[in-house]
Structures are given as structure tokens and as C-alpha cells.
Amino acid sequence: MKKLIFVLIAALGVSCTSYAQMTEKEIKKATKEAKKLVNEAKKEMERQDVVDKSNAKRLIDQAIKSPYVKDWYLTWYEAAEIYHHLYAEEKLKANSQQKYDTVGCYNNLLKWYRYDFIADSLEHAPSNGKITNETRTNHARGIYNTVDDLIRAGIFYFNDHSDYKKAYQMFDNYFTTAENDLCRQFSDVDTIYHANKGYFAYFAALSAYKLEDWPNTLKYAEIAKDDETNGELATEMICDAYGMTQDTVKWLETLKYGINKYPTKEFFYVKLMNYYNLKNDLAALEEFILNMIQLDPERADNYYVLGIIAHQNKEYNKAIEQYNIAIEKNPEHYDAIFNLGLCIMLQADDEMESKSNLDYRSAAYKKAIQDQKDSYKQALPYFLKYREAKPESVTKWGIPLQAIYYTLNMTKELNEVESRMKEEGML
């Protein structure tokens, strides 16, 4: 109770020093005057001859600033009544297609809820000696019946105004309201609320993500990650949040969860592959890729990466085999096409290097030269196909084509390639 009172005083900006300096008589008088404001506000609400309740609002706004009625639940109960009425008025205008104050409507909604929560907590405070249930009896159902308006409010601020801070406030309040003690009697048994919880949590997480509020991104994305519609995107946000907070253990754990649940998605695949690659741990990378083949055997990149690993180990036949599988899975995997040609060339160069001790006049040496030329001819179509697909990548295809054309005495083609290389500043 003391903690609650302290929070309320701090929130209202009340000076505790001036309160402590007052005499008992002055405190009683001030308390009486503050309670009078509450009662007058209540009477204003009960008047049938006054449609405009702005005076009731003025009175209650003045009353809730007083420290002398801060722990009187009727102060907050009446404030909730008034702001409920103000919210309902704007809502009625909206439903009647009249001009209405959208922002004011949603602000009134928040105040209605907040004041009722305070009233309910005071009613159930042990120091009162007697627990009452007026707020829960009279207001709880009304609050829970309108809680979906907080989702509408969040969408309004997110989509129409790009006000992610306000949007997050609304989405967050949707959950804190539904799960407040005042409303738990309804939310606990509401199957629709629980069925949609992950779906709506995604929007709270996305708003927090836009604000780079990583703790609250994690708070709601963890709820949303099992949602059928947005679970994948929620899991991506969790990864990014752990990455931004430099929690590598949780980041890696979430990536592995994501790749197992969404094996065909690039986000998790690329990040995990890069992680193992940057660690320069080819064994771990190969293990990861072999596991991925079990999960997604049609992904061409799996075989492409296995080809790279074999390629780096100078296991050219194995690399060529894997690149061929990658191309079979995706005929437009141009990196695999390029690397396949490169492996054929490198394998021929290594074989020629092993014959370098032969007499250049010998039949064996001449055969080695011819074998290299034959391999270059075999590699040529792969580089030409890569060049056709990516003509701007001269720095990549220029060097192998130059070597092939030179070796095969293809002067015209050599001159053209070298001309392109000069344009790029390569020669």
C-alpha cells in the first residue's frame, strides 16, 4: 500500500514536503475540500439537464491532483466513470459517422482504464481493513468489452501516423489491461483472446522493434513466435534483438530454433552460414549444411556450400560433384556455375604443375599441355554462361577468360576481354 501511494504521489507531482508541514486541522480541511470536488463531479455526472460533462471532467481533474484523496478509491472510481463517459461520447460520434476526436477518444480510453485499475487496487488494499468489489462489479465487464479498441488505437498510430511510441503504448496496454486483476476473470476463460494473443503480440513487438526498444521487442516477440501468421517474422525480430544486445548465446540459440522451424527461409540460413564461416570452422559449417540437407534437400545453396568447403580443401572432384548438384537444383545458380568452371581450371593447373619437372620436348609433357587445354575448353562454357548472366562483373570473369583464351590461342576473344579489363582498370 505504501509503495502504491508513493507511486501515485510521484505520478501526480504532489509535494510531500508541504503536506508534512500542514497541521492536522489544515489536513482535515483540505481533505474535505478535495472530497467535495469528487462529490461535485459525481453530481455533475448525475445531472440529467446537462449533456456536456466538461465541468465534471474539470472537477475530477482537479480532485485527482490532491494528495488528500489519493488513497480514497471513490476518487479514482468517479474519475473512471467520467472518462468512460467521455470515451463513449466520442465512440458514439464515430459510430454515427460524425466528426469526432480520434486521439481524444483513445486518450480517454486509457485514462478510464488507468483510473479503474487504481480504484480496484485501493479497494483490495489490506490496509483498508475491508475489501470491496464495486469497481470489479460495475466496471470490469465494460472495460473488457472495449479492450479491442486498444488494438484499433495501436493500428491507428502505427499505420496512419508512424507514431511507434504511441502505437506500442496502445498494444502494450491491450495486454496489461486484459491481464490486470480487474479483468482476469474474463481473459482467463476467453478462448478468442488466447487464440489471438500471439497475433496481436506481434504488433506490440514490431512497434518496439521500430523504436529499437530491444527488451520490449523480446517481451512480445517471444509471445508471437508461435503465431501461425507472423511467427517467422517474430523470430527474426528476436534474433535481431539479441544481436543488438550482444547476447551471442541467445542469438545463436534463436537462429537454430528458426532454421529448424523455417528451414526454407533465407534469414536464418544466411546468418548461421555466415556465423560458421566467420569462425573459419569448416567442420562446423559442413555439419550445419549436412543437417540442412536433411531439413531442406532441395535448397541449391546447401550443395554450393559443400562445394566451397571441398574447393578450399582442394578436393576438386568432390567440389565439382557438389556444384553440379547445386546447378541441378537451381540452373540459375551462377556462383556455382562459375566455381564449377574454376575447379576444372584449378584441377588442370595443379596437374600441370605436377608435370613441371618433365622435359618440355617429351611426349609426356606435350600430353600434359594438351590435357590442360582440354580442361580449359571444358571450363570455358561455364565462364561464358556466368558472363552472359552478369556482364558487369568483369573483375570476376575477366581473369579466367583471359587465361583460357591465351592458352587456347583465341586471339580475337583475348583482345576483347583484355579491352574490357582495361576499362575496369585491371590492366
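Run the reach check for K390 against aspartates and glutamates, Cα to Cα strictly under 19 Å, same-chain hits fewer than 8 apart removed. What comes back?
Within the straight-line cut-off, K390 pairs with D301, E332, D335, E413, E416, E418, E423, E424.
Probe 1.4 Å, all protein chains in place: accessible area of D350 in Å², nearest 10?
Rounded to the nearest 10, that gives 70 Å².
Please work out how much length the chain gains when fully extended from K43 to K93, using 0.36 nm per residue of separation minus the C-alpha to C-alpha distance, in nm with one decimal.
On the way: separation 50, 0.36 × 50 = 18.00 nm, distance 2.45 nm.
Extra length from K43 to K93 when fully extended: 15.6 nm.
Which lysines have a Cα lying under 18 Å from the Cα of K279, excluding residues fewer than 8 positions away in the same chain?
Output for K279: K250, K256, K271.
Please report Rg over Rh for segment 286-376, where both radii come from the alpha carbon positions and Rh follows the Kirkwood definition.
When Rh is taken as the Kirkwood radius, the ratio is 1.14.
Taking the alpha-carbon distance from K25 and a cut-off under 16 Å, which aspartates and glutamates remain once sequence neighbours fewer than 8 residues away in the same chain are dropped?
E33
Between rounded, prolate and oblate, where does the chain land on the alpha carbon gyration tensor, with a ≥ b ≥ c its root eigenvalues, rounded for a/c under 1.5, else prolate if a/b exceeds b/c?
It comes out prolate by the Cα gyration axes.
In whole Å, what is the distance between the alpha-carbon centres of segment 175-251 and segment 320-334?
First find each Cα centre; the distance between them is then 40 Å.
List the GluC sites (Glu not before Pro) within segment 337-411 that DSSP assigns to loop and that have no more than 12 neighbouring Cβ atoms inside 10 Å. Working shown, then result.
Values: sites: E351, E353, E388, E392; in loops: E392.
Qualifying residues, ordered by number: E392.
Could you tell me which chymotrypsin sites (Phe, Trp or Tyr not before Pro) in segment 351-427 are loop residues by DSSP with no more than 15 other beta carbons within 10 angstrom of their beta carbon?
Y360
So, in nm, how far is label M426 from label D52 when the simple model puts each one 7 Å beyond its Cα toward the Cβ?
8.0 nm
For the pairs K265/K329; K29/K111; K70/K111; K29/K65; K35/K70, note any where the Cα-Cα span goes beyond 19 Å.
K29/K111
Which log10 I(q)/I(0) values, to two decimals, does segment 158-285 give at q = 0.23 Å⁻¹ under the Debye formula with one point per Cα?
The Debye formula, applied to the Cα set alone, gives -1.28.
For H139, tell me the accessible area in Å² from a 1.4 Å probe, rounded to the nearest 10.
H139 has an accessible surface of roughly 10 Å² with all protein chains in place.
Segment 290-354: which trypsin sites (Lys or Arg not before Pro) are DSSP loop and have at most 15 other beta-carbon atoms within 10 angstrom? Could you put the intermediate results ahead of the total?
Numbers: sites: R299, K314, K318, K329; in loops: R299, K314.
For trypsin sites (Lys or Arg not before Pro) across segment 290-354 that sit outside H, G, I, E and B with at most 15 neighbouring Cβ atoms in 10 Å, the list reads K314.
Would you kindly derive the ³J(HN,Hα) couplings of segment 322-332 from the backbone phi angles with the Karplus curve 6.51 cos²θ - 1.76 cosθ + 1.60 (θ = phi - 60°), listing them in order in whole Hz, with x for Gly and Pro?
Running phi through 6.51 cos²θ - 1.76 cosθ + 1.60 with θ = phi - 60° gives 5, 5, 5, 5, 4, 5, 4, 6, 9, x, 9 Hz.
Over the Cα atoms of segment 63-178, compute the convex hull volume and normalise it per residue, giving Å³.
Taking only Cα atoms, segment 63-178 has a hull volume of 111 Å³ per residue.
Under the 0.36 nm per residue contour assumption, what length would be gained going from the current alpha-carbon distance of K390 and E416 to full extension?
Stretched out fully, the K390 to E416 stretch lengthens by 7.7 nm.
Give the whole-number value, in cubic angstrom per residue, of the convex hull volume spanned by the C-alpha atoms of segment 247-297. Please list the in-between numbers first.
On the way: hull volume 3.4 nm³, N = 51.
Spelled out: Cα convex hull of segment 247-297, divided by residues, is 66 Å³.
Note the angle between two axes, namely the Cα long axis of helix 334-354 and the longest principal axis of the Cα atoms of the chain, as a number of degrees from 0 to 90, rounded to the nearest 10.
With rounding to tens, the tilt is 40 degrees.
Going by alpha carbons, how many degrees (0 to 90, nearest 10) lie between the helix axis of 73-95 and the longest principal axis of the chain?
On a 0 to 90 degree scale, this one is about 60.
Summarise the accessible area of segment 176-252 (1.4 Å probe, protein heavy atoms) by the percent that is carbon and sulfur.
The nonpolar share, carbon plus sulfur, comes to 50 percent.
Mind jotting down the three principal axis lengths of segment 307-356 based on Cα atoms? Whole angstrom, largest first.
Over segment 307-356, Cα extents along the principal axes are 38, 15, 12 Å.
Any chance you could look up the accessible area of R58 with a 1.4 Å probe, heavy atoms only, rounded to 10 Å²?
Result for R58: roughly 130 Å² accessible.
I need the Kirkwood Rh of segment 108-173: take the reciprocal of the average 1/r across all distinct C-alpha pairs and report it in angstrom.
Values: mean 1/r = 0.0758 Å⁻¹.
This gives a value of 13.2 Å.
Give the accessible surface of the chain per residue, rounded to a whole number of Å², with probe radius 1.4 Å and ligands, DNA and RNA excluded.
With the other protein chains kept in place, the chain gives 55 Å² per residue.
Taking only Cα atoms, what is the 0 to 90° angle, nearest 10, from helix 282-295's long axis to the longest principal axis of the chain?
70 degrees
What does the extension gain come out to for K314 and V270, with contour length at 0.36 nm per residue minus their alpha carbon separation?
Between K314 and V270, full extension yields 13.4 nm more.
Take every Cα pair under 8 Å in the chain that's 6+ residues apart, average their separations, divide by the length, and report that relative contact order as a whole percent. Numbers along the way, then the final one.
Details: 474 pairs, mean separation 24.6, N = 427.
Once divided by the residue count of the chain, the mean separation gives 6 percent.
The values are calculated or read from the model by the stated rules, or taken from the named source; none is laboratory data. The shown structure was predicted, so the numbers you read here are calculated from the model rather than taken from an experiment. Note that we place each Cβ from the backbone using ideal geometry, even for glycine, and neighbour counts take in every protein chain shown. Remember, those area values only see protein heavy atoms, side chains included, never the ligands or the DNA or RNA. Shrake-Rupley method; radii C 1.70, N 1.55, O 1.52, S 1.80 Å.
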